[in-house]
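Values quoted throughout were computed directly from the atomic coordinates according to the rules given, and no laboratory measurement underlies them. For clarity, every value in this text was computed on a predicted model and none was experimentally measured. In this analysis, Cβ positions are derived from the backbone assuming ideal geometry, glycine residues included, and neighbour counts consider all displayed protein chains.
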Amino acid sequence: MNVRALSLIVLTAFAAAPALADTLLVERAQDSASNLPVRGWTTSQVQARYGEPQQRLDPRGGQKRQWPTINRWVYPQFTVYFERNKVIDVVANKASAEEIGPKPPIR
């Protein structure tokens, strides 16, 4: 058997083997994406839907006019980022230390 044929057999075997992997934060976030705040919502809309955040982190930015102030609200499952009073992004928080994904925000 030549090297090419052996390589093809090995690659086919790996491709056919079931994948055993941890649940990634990305997968969990995609599953719950419909339950997250939407870009463009106001702070009032977020608070009306999800209640008072666990924590309101100190604002960042705002040193220059080109750098708007960014406010961050932390909820148990996600952190919401606001520019002025509009949602610009939502990031899922890690559920546990074993979950693979971004680190939780610095508090």
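In this simple spin-label model, placing a label point 7 Å from the Cα along the Cα-to-Cβ direction at both Arg56 and Asp89 gives a separation of 2.2 nm. Label zone (Val38, point 7 Å along Cα-to-C-beta; backbone nitrogen cut-off 16 Å) within segment 63-95: 86-90.
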